[in-house]
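Rule-based calculations on the coordinates, nothing more; no lab input. Since the structure is predicted, the reported quantities are computational estimates derived from the model, not experimental observations. Note that each Cβ is placed from the backbone with ideal geometry, even for glycine, and that neighbours are counted across all protein chains shown.
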Amino acid sequence: MKTSIYSLALSLLFLGACTANNEQTQTIATSDSTGKATATPVEKTGPTTALLGSYLKLKNALVADQAKDAAAAGNEMVTAFASFDKAALTAEQSKTYTEIYDSAKEHAEHIEANATNIVHQREHFDMLSKDIYDLVKLLGTSQTLYVEHCPMYNNNKGASWLSTEKEIKNPYYGANMLTCGSVTEELK
């Protein structure tokens, strides 16, 4: 009996997720520790969703010291920029977006082209992170992001990056100094 109730609840959650997708929100069905079906919200879609997704994959690849994965994420980011729809932007937003796009796309391309040189990828990630920060400030985000800063990177000049979690996982030093840094800002 319990199994059929859980199955029904799970089915309803999936049906609700499909219906809610029209409103640009999604949920996924999961089970909590008691086995009850629960709905977990997934990031809402917005103008920056694809770009942030590829940026976060890139950041995570650098955290894991995976240059080839970072290159693949750089390629994904170039594709996300190419498919970005500027139609909903105001004239002023469009102009600023184009400036950010030109710089960010170049850095993503450099990261993609240097699949065997993680040091060079990290140099471009520093500049790309500034561009993505500007993009989020311009267009907003549908999820909470944390601006995190490593004071030691680039001969103690420091560098920042965006993350979805408060826990520091440093993309500039990876395993060498994984927790070096602090949260400096929260974006919503």
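Determine the alpha carbon to alpha carbon distance for each of K105/K130; K59/K86; K57/K130 and list only those over 18 Å. Table pairs above 18 Å Cα-Cα are K59/K86.
Take the alpha carbon gyration tensor of region 62-147, find the square roots of its eigenvalues, order them as a ≥ b ≥ c, and report rounded if a/c is under 1.5; if not, report prolate when a/b exceeds b/c, else oblate. Present the calculation step by step, with values, prior to reporting the outcome.
Details: a/c = 2.22, a/b = 1.78, b/c = 1.25.
Prolate, because a/c is 1.5 or more and a/b exceeds b/c.
I need the shape label for region 135-188. Rule: rounded when a/c is under 1.5, else prolate if a/b > b/c, else oblate, with a, b, c from the alpha carbon gyration tensor. Prolate shape, in that a/c is at least 1.5 and a/b is the bigger ratio. Taking other residues whose beta carbon is less than 13 angstrom from the beta carbon of H120, and scoring Lys, Arg as +1 and Asp, Glu as -1, yields -3.
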